[in-house]
(Lines give C-alpha, C1' and ligand atoms only; values in the text may rest on other atoms or scores of the structure.)
Protein backbone atom coordinates (compact mmCIF):
# COMPACT_ATOMS: atom_id res chain seq x y z
CA UNK A 1 0.00 0.00 0.00
CA UNK A 2 1.30 3.43 -0.92
CA UNK A 3 2.10 5.54 2.14
CA UNK A 4 0.67 9.04 2.02
CA UNK A 5 0.29 11.60 4.75
CA UNK A 6 -1.97 14.46 5.73
CA UNK A 7 0.97 16.89 5.67
CA UNK A 8 0.90 16.47 1.89
CA UNK A 9 -2.55 18.08 1.80
CA UNK A 10 -2.86 21.85 1.43
CA UNK A 11 -5.85 23.78 2.84
CA UNK A 12 -7.07 24.53 -0.70
CA UNK A 13 -7.63 20.80 -1.32
CA UNK A 14 -10.81 20.62 0.75
CA UNK A 15 -13.77 22.60 2.00
CA UNK A 16 -12.81 24.37 5.27
CA UNK A 17 -15.66 22.53 7.04
CA UNK A 18 -13.64 19.32 6.73
CA UNK A 19 -10.60 20.64 8.58
CA UNK A 20 -12.19 19.50 11.85
CA UNK A 21 -12.13 15.92 10.60
CA UNK A 22 -8.66 16.10 9.05
CA UNK A 23 -7.32 17.64 12.28
CA UNK A 24 -8.46 14.53 14.20
CA UNK A 25 -6.08 12.36 12.19
CA UNK A 26 -2.48 11.77 13.23
CA UNK A 27 0.80 12.35 11.43
CA UNK A 28 1.02 8.65 10.58
CA UNK A 29 0.43 7.45 7.03
CA UNK A 30 -3.06 6.77 5.74
CA UNK A 31 -2.59 2.96 5.69
CA UNK A 32 -1.35 2.92 9.29
CA UNK A 33 -4.24 5.08 10.48
CA UNK A 34 -6.74 3.06 8.47
CA UNK A 35 -5.59 -0.11 10.21
CA UNK A 36 -5.67 1.53 13.66
CA UNK A 37 -9.13 3.04 13.11
CA UNK A 38 -10.44 -0.27 11.88
CA UNK A 39 -9.16 -2.00 15.00
CA UNK A 40 -10.71 0.64 17.27
CA UNK A 41 -14.09 0.46 15.60
CA UNK A 42 -14.15 -3.35 15.33
CA UNK A 43 -13.35 -3.55 19.04
CA UNK A 44 -16.14 -1.07 19.75
CA UNK A 45 -18.64 -3.12 17.73
CA UNK A 46 -17.61 -6.38 19.37
CA UNK A 47 -18.08 -4.88 22.86
CA UNK A 48 -21.35 -3.17 21.95
CA UNK A 49 -24.56 -4.30 23.62
CA UNK A 50 -27.28 -5.24 21.09
CA UNK A 51 -29.89 -3.39 23.17
CA UNK A 52 -27.88 -0.17 22.98
CA UNK A 53 -28.48 0.19 19.20
CA UNK A 54 -31.84 1.90 19.74
CA UNK A 55 -30.48 4.25 22.43
CA UNK A 56 -30.40 8.00 21.76
CA UNK A 57 -28.82 10.28 24.35
CA UNK A 58 -31.30 13.11 23.69
CA UNK A 59 -34.71 13.25 22.05
CA UNK A 60 -33.54 14.97 18.86
CA UNK A 61 -30.35 12.90 18.45
CA UNK A 62 -29.80 9.84 16.29
CA UNK A 63 -29.91 6.36 17.77
CA UNK A 64 -26.61 4.53 18.06
CA UNK A 65 -27.61 2.40 15.03
CA UNK A 66 -28.32 5.58 13.05
CA UNK A 67 -24.92 7.05 13.94
CA UNK A 68 -23.23 3.88 12.75
CA UNK A 69 -25.37 3.79 9.60
CA UNK A 70 -24.42 7.41 8.93
CA UNK A 71 -20.75 6.51 9.27
CA UNK A 72 -21.16 3.71 6.73
CA UNK A 73 -23.16 5.85 4.28
CA UNK A 74 -20.63 8.67 4.51
CA UNK A 75 -17.66 6.39 3.89
CA UNK A 76 -19.38 4.96 0.81
CA UNK A 77 -20.23 8.41 -0.53
CA UNK A 78 -16.72 9.72 0.08
CA UNK A 79 -15.20 6.70 -1.68
CA UNK A 80 -17.53 7.21 -4.63
CA UNK A 81 -16.39 10.81 -4.85
CA UNK A 82 -12.72 9.77 -4.63
CA UNK A 83 -13.29 7.13 -7.33
CA UNK A 84 -14.81 9.62 -9.76
CA UNK A 85 -12.08 12.18 -9.16
CA UNK A 86 -9.24 9.64 -9.33
CA UNK A 87 -10.57 8.37 -12.66
CA UNK A 88 -10.48 11.87 -14.13
CA UNK A 89 -14.20 12.62 -14.02
CA UNK A 90 -14.45 16.42 -13.91
CA UNK A 91 -18.22 16.51 -13.35
CA UNK A 92 -18.97 18.62 -10.26
CA UNK A 93 -20.49 16.41 -7.58
CA UNK A 94 -23.28 17.45 -5.21
CA UNK A 95 -23.22 17.44 -1.44
CA UNK A 96 -25.64 15.21 0.44
CA UNK A 97 -28.06 15.80 3.27
CA UNK A 98 -27.01 13.44 6.03
CA UNK A 99 -30.29 13.75 7.94
CA UNK A 100 -32.26 12.58 4.90
CA UNK A 101 -29.98 9.58 4.50
CA UNK A 102 -30.44 8.63 8.15
CA UNK A 103 -34.20 9.21 8.02
CA UNK A 104 -34.51 6.96 4.96
CA UNK A 105 -31.98 4.35 6.07
CA UNK A 106 -32.83 0.87 7.38
CA UNK A 107 -30.81 1.35 10.55
CA UNK A 108 -33.64 0.59 13.01
CA UNK A 109 -33.68 -2.96 11.59
CA UNK A 110 -29.94 -3.49 12.07
CA UNK A 111 -28.65 -6.11 14.43
CA UNK A 112 -25.20 -5.95 15.95
CA UNK A 113 -23.83 -8.71 13.70
CA UNK A 114 -25.24 -6.99 10.59
CA UNK A 115 -23.45 -3.77 11.47
CA UNK A 116 -20.12 -5.52 11.97
CA UNK A 117 -20.52 -7.40 8.69
CA UNK A 118 -21.37 -4.23 6.76
CA UNK A 119 -18.56 -2.26 8.40
CA UNK A 120 -16.08 -4.98 7.45
CA UNK A 121 -17.27 -4.95 3.83
CA UNK A 122 -17.25 -1.16 3.49
CA UNK A 123 -13.87 -0.84 5.18
CA UNK A 124 -12.31 -3.53 2.97
CA UNK A 125 -13.61 -1.76 -0.13
CA UNK A 126 -12.22 1.58 1.07
CA UNK A 127 -8.80 0.18 1.98
CA UNK A 128 -8.51 -1.73 -1.29
CA UNK A 129 -9.51 1.30 -3.36
CA UNK A 130 -6.91 3.60 -1.80
CA UNK A 131 -4.22 0.90 -1.77
CA UNK A 132 -3.84 0.92 -5.54
CA UNK A 133 -3.93 4.65 -6.26
CA UNK A 134 -0.81 6.33 -7.60
CA UNK A 135 0.55 9.59 -6.20
CA UNK A 136 -0.91 11.36 -9.23
CA UNK A 137 -4.35 9.87 -8.63
CA UNK A 138 -4.19 10.82 -4.95
CA UNK A 139 -3.35 14.41 -5.91
CA UNK A 140 -6.23 14.57 -8.42
CA UNK A 141 -8.79 17.22 -7.63
CA UNK A 142 -12.43 17.67 -8.41
CA UNK A 143 -15.35 19.73 -7.21
CA UNK A 144 -17.75 18.52 -4.52
CA UNK A 145 -20.51 20.71 -3.13
CA UNK A 146 -19.04 23.66 -5.05
CA UNK A 147 -15.60 23.28 -3.37
CA UNK A 148 -12.38 21.78 -4.66
CA UNK A 149 -11.27 18.53 -3.06
CA UNK A 150 -8.41 16.12 -3.67
CA UNK A 151 -8.55 12.36 -3.46
CA UNK A 152 -5.94 12.35 -0.69
CA UNK A 153 -7.97 14.90 1.31
CA UNK A 154 -11.01 12.63 0.98
CA UNK A 155 -8.97 9.76 2.42
CA UNK A 156 -8.21 11.75 5.56
CA UNK A 157 -11.75 13.11 5.75
CA UNK A 158 -12.94 9.48 5.89
CA UNK A 159 -10.53 8.74 8.75
CA UNK A 160 -11.37 11.89 10.69
CA UNK A 161 -15.12 11.54 10.19
CA UNK A 162 -14.93 8.04 11.62
CA UNK A 163 -12.87 9.25 14.60
CA UNK A 164 -15.32 12.09 15.23
CA UNK A 165 -18.22 9.66 15.48
CA UNK A 166 -16.18 7.07 17.37
CA UNK A 167 -15.47 9.73 20.02
CA UNK A 168 -19.14 10.72 20.11
CA UNK A 169 -20.21 7.09 20.52
CA UNK A 170 -17.76 6.56 23.35
CA UNK A 171 -18.75 9.78 25.14
CA UNK A 172 -22.50 9.97 24.55
CA UNK A 173 -23.70 6.42 23.95
CA UNK A 174 -21.48 3.79 25.49
CA UNK A 175 -20.25 5.55 28.60
CA UNK A 176 -23.73 6.69 29.59
CA UNK A 177 -25.37 4.61 32.30
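The residue that is nearest to residue 143 (Cα to Cα), counting only those in region 1-23 that are under 16 Å from the mean Cα position of the chain (by Cα) and surrounded by fewer than 17 Cβ atoms within 10 Å (Cβ to Cβ), is 15. Just to be sure, is residue 27 assigned to a helix (DSSP H, G or I) and out of contact with any strand residue (DSSP E or B) (no Cβ under 6 Å at 6 or more places or on another chain)? No.
The numbered conditions (1) touching a helix residue (DSSP H, G or I) at 6+ places or on another chain (Cβ under 8 Å); (2) at pLDDT below 95 are all true for residue 51 except (1). Assessment of region 46-63 against the conditions (within 18 Å of the chain's Cα centre (by Cα) and either surrounded by fewer than 15 Cβ atoms within 10 Å (Cβ to Cβ) or part of a helix (DSSP H, G or I) (or both)) yields no matching residue. Residue 155 falls short on exactly one of the conditions (1) under 15 Å from the mean Cα position of the chain (by Cα); (2) free of Cβ contacts under 8 Å to residues at least 60 places away in the same chain; (3) surrounded by 16 or more Cβ atoms within 10 Å (Cβ to Cβ), and that condition is (2).
Yes/no matrix, rows are residues, columns are (1) exposed (fewer than 13 other Cβ atoms within 10 Å of the Cβ); (2) touching a helix residue (DSSP H, G or I) at 6+ places or on another chain (Cβ under 8 Å); (3) closer than 25 Å to residue 61 by Cα:
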| residue | (1), (2), (3) |
| --- | --- |
| 86 | no, yes, no |
| 101 | no, yes, yes |
| 106 | yes, yes, yes |
| 115 | no, yes, yes |
| 130 | no, yes, no |
| 140 | no, yes, no |
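Does residue 113 qualify as being farther than 15 Å from residue 73 by Cβ, without any contact (Cβ under 8 Å) to a residue 24 or more places away in the chain and assigned to a helix (DSSP H, G or I)? So residue 113 fits the description; yes. The residues of region 67-89 that are under 15 Å from residue 138 (Cα atoms) and either touching a residue at least 60 places away in the same chain (Cβ under 8 Å) or not in a helix (DSSP H, G or I) (or both), listed by number, are 78, 79, 81, 82, 85, 86, 87, 88, 89.
I want to confirm something. Restricting to region 9-24 and keeping residues that are assigned to a helix (DSSP H, G or I), in contact with a helix residue (DSSP H, G or I) (Cβ under 8 Å, 6 or more places away or on another chain) and modelled with pLDDT of 95 or more, which single residue is nearest to residue 71 (Cα to Cα)? Looking at the filtered set, the residue picked out is 21.
The values are calculated or read from the model by the stated rules, or taken from the named source; none is laboratory data. In this text the structure is predicted, and so the values were computed from the model without any measurement. Virtual Cβ from ideal backbone geometry, glycine too; neighbours counted across all protein chains shown.
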